Amino acid sequence: MEITANNLHQALIQKSYQTPVVVQFHAPWCGPCRMLKPVLEKVYQQSKLKWNLAFADVKAHPLLGKKFNIFTIPEVKLIENGKVIASFAGFKSDYIINNWLDNHLKKTKDTPLSPVINQLKNNEIEAAKASILELAMQENPSSNYLKLLMALQNLESNNANAMQWLQKVGRNGDIDGLVKSIRDLIDIDQEDKNPTTPTSSPYTIAPEKATAKINIATFDVALLSHLVHGGINEIRRRKGAAALTTDSILTQAALDQNNYQIRTDQLSHYQDNPLKKTVRERVDSFGGQFRMVGENVQFKGFPVRTWSTGNEREIITPTYVDAAADLIKNWVNSPGHYKNLINANYRFVGTAVGWNPENSAVFATQVFGA
């Protein structure tokens, strides 16, 4: 249902007292809005009609945007009993939207395990482990083994906290050996993080640049590619898979497909070129000789702020670190893409990212090889 100024109150506010209403605020010139609409419609059709779906054009009806404090599009709001109870901005996948709806539409009584359930829904595995460990400590605060696990849980992320847990461990022969081993790991990690320690990284990042907001005019695609590559390898390390090595042929294949997607403004694993139709054909066309290949693609729109006149707009960019984290998170949340990320058979990868000004978005492609 498309909302206008005439039917706003009846169709939206009143309906929300009977059934929650999800509203996408959009404008005709907004590329991410056009991408998001069919995703919302798909989620709605598969939801067994537990809520209503509506679309509001803020350019045609600027009073609607003003009434609901819309400064970024696309923006989606969930309205229940006449009030906005949740919202999100920018393009999201159907998986993320379903999780968002589940978190806000289901009214369940909170229990000590409620945070763990939400963490698992959001694929926050490490956070869920930490929460369960905290609960175990509450049940058995004297256990030396749980204290050692707490120290290991905080290793690297919070070494000071890890040391505090080690100091609480009761000392005996076998335990002493474990305490010393964990202490050694803390020392090694702190040495790695010491800025004076030499590094052999082929792409040394200035911390202030990685944490700076992306400037579209000087978009550093090499930096973003590097951060994505490092994040993927961190996920593989946690899963016990070997780190992926950058391969020049796979990088050419990834760049070729990424440029094709930007040029056609669509996500796809295929091309019209008969010699590069599939990822296997693209890799082979650049001289690759891999026994198996795989490919991940992704589109990430940046929010756009518009003024009431509709003639001026501002692209709201994240930092390079945040953009890389979002790209990685979206792949992790997609079962097929995640399977490629942690596949232990893959040993090589090519990564490409690129900016599409038409949609105010980044396209990203990774090609894997073994």
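The values are calculated or read from the model by the stated rules, or taken from the named source; none is laboratory data. Since the model is a prediction, treat every value here as computed from it, not as a measurement. Positions of Cβ are generated from backbone atoms using ideal geometry, with glycine treated the same way; all protein chains shown enter the neighbour counts. The accessibility values were calculated without ligands, DNA or RNA, using every heavy atom of the protein model including side chains. Shrake-Rupley method; radii C 1.70, N 1.55, O 1.52, S 1.80 Å.
Before moving on, here are some points about what is shown:
- Sorted peptide list for 236-245, 149-158, criterion being average Cβ within 10 angstrom, highest first: 149-158, 236-245
- In this view, the solvent-accessible surface of LYS339, computed with a 1.4 Å probe and all protein chains in place, comes to about 150 Å².
- Solvent-accessible area, 1.4 Å probe, carbon plus sulfur percent, for region 12-90: 52
- Karplus-derived HN-Hα couplings along region 324-340 (A = 6.51, B = -1.76, C = 1.60, θ = phi - 60°), whole Hz, x at Gly and Pro: 4, 4, 5, 4, 5, 4, 5, 5, 4, 6, 9, x, x, 5, 4, 4, 5
- Cα-Cα over 26 Å, subset of LYS37/LYS276; LYS213/LYS339; LYS59/LYS300; LYS77/LYS300; LYS42/LYS121; LYS213/LYS300: LYS37/LYS276; LYS213/LYS339
- Pairwise label distance in nanometres, LYS168 with GLU234, each label 7 Å out on the Cα-Cβ vector: 2.6
- Applying 1/(1 + (r/R0)^6) with R0 = 51 Å to the Cβ-Cβ distance of ASP184 and GLN14 gives a FRET efficiency near 0.20.
- A straight chain from ARG263 to SER285 at 0.36 nm per residue would run longer than the Cα-Cα distance by 5.9 nm.
- Share of carbon and sulfur in the accessible heavy-atom surface of region 225-344 [1.4 Å probe, %]: 51
- Across region 52-170, Cα pairs under 8 Å and at least six residues apart give a relative contact order of 11 percent.
- Per-pair calculated FRET efficiency, R0 = 56 Å: SER143 and LEU63 via Cβ, rounded to 0.05: 0.35
- The calculated FRET efficiency for ILE85 paired with GLU358, based on their beta-carbon distance and R0 = 35 Å, is about 0.55.
- Percentage relative contact order, region 218-370, counting C-alpha pairs under 8 Å, at least six apart: 38
- By average C-beta atoms within 10 angstrom, highest first, the peptides 274-280, 317-323: 317-323, 274-280
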